[in-house]
Each structure stands twice: as structure tokens, then as C-alpha cells.
Amino acid sequence: MNIGAFSALTGLTPHTLRYYEQLGLLKVARAANGHRYYSVREQEWMTFIARLKATGMPLKQILHYAQLRVQGEETHQARQALLEAHAQRLRERLNEQQCHLAALEAKIAHYQRG
């Protein structure tokens, strides 16, 4: 699919897609006329990147993960370790958010009691 269709599918602007390509985060095939051509593989990769971003992984770490991914199977353990560390940070943030929510709910209950 072309950049417009891929942009609509992923929710990322063409500018962002070009930027990701420039950073080396996204490898895109080119048609004979030079236009970018995106496949399902790129869609799956962008979905994963979006998930990492949504969970707070900094772009620098996402780039590091992408570089490891390109290097192949010998980086399996390094990629796993990076994702495990991110998952642990996410668990800690979730726990902190749950504590904040509990405090808010206690205050709401206080107001409801009058």
C-alpha cells in the first residue's frame, strides 16, 4: 500500500512515517517509480512501535530495540531484556497509578458521605 493508505491505516501522519524511516526505525520498500510501498509486515511493526510508545518507552529505547531487531536472532536475549525492563517499569507505574486512584476514590467516598 502507498504512504497515504498506510498513514490512514496506522493513524500516523506521512511526515511521521518519513521521519521514522529517516531514523531507521522503519525500512520501506520502494516501487519502480520510487514511491514507498508498505506491507503487512510494516503495519505489524508500526503497531508494536505504537504500543511501546503508548506505554511510555522513549523513542531512543525504541530505536535501540529496532537496531537489535535488524541484527537478527543473535540479539534475542538483549531484546527480551529490554522489553522485560520496560514491562517492569510499566508495572511500577501502574502500581503507582492504582495508589493514586485509591486515594481519589477515598476522597470521593468522603464527599459522598457528606
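The values are calculated or read from the model by the stated rules, or taken from the named source; none is laboratory data. These figures come from a predicted structure and were not determined experimentally. Positions of Cβ are backbone-derived with ideal geometry, glycine not excepted, and every protein chain shown enters the neighbour counts.
Listed values, structure above:
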read-out: Residue that is surrounded by fewer than 10 Cβ atoms within 10 Å (Cβ to Cβ) and of a type in the set (V, I, T), where the choices are V28, V40; value: V40
read-out: Qualifying positions in the range 1-25 - in contact with a strand residue (DSSP E or B) (Cβ under 9 Å, 6 or more places away or on another chain), of a type in the set (A, V, I, L, M) and surrounded by fewer than 17 Cβ atoms within 10 Å (Cβ to Cβ); value: M1
read-out: Single match in E44, E21 (criterion: under 12 Å from the mean Cα position of the chain (by Cα) and outside the structural domain of L68 (by TED's automatic domain parsing)); value: E44
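Table: residues versus (1) within 25 Å of L9 (Cβ to Cβ); (2) without any contact (Cβ under 8 Å) to a residue 12 or more places away in the chain; (3) in contact with a Leu (Cβ under 9 Å, 6 or more places away or on another chain).
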| site | (1), (2), (3) |
| --- | --- |
| L25 | yes, no, yes |
| K53 | yes, yes, yes |
| E73 | no, yes, no |
| E92 | no, yes, no |
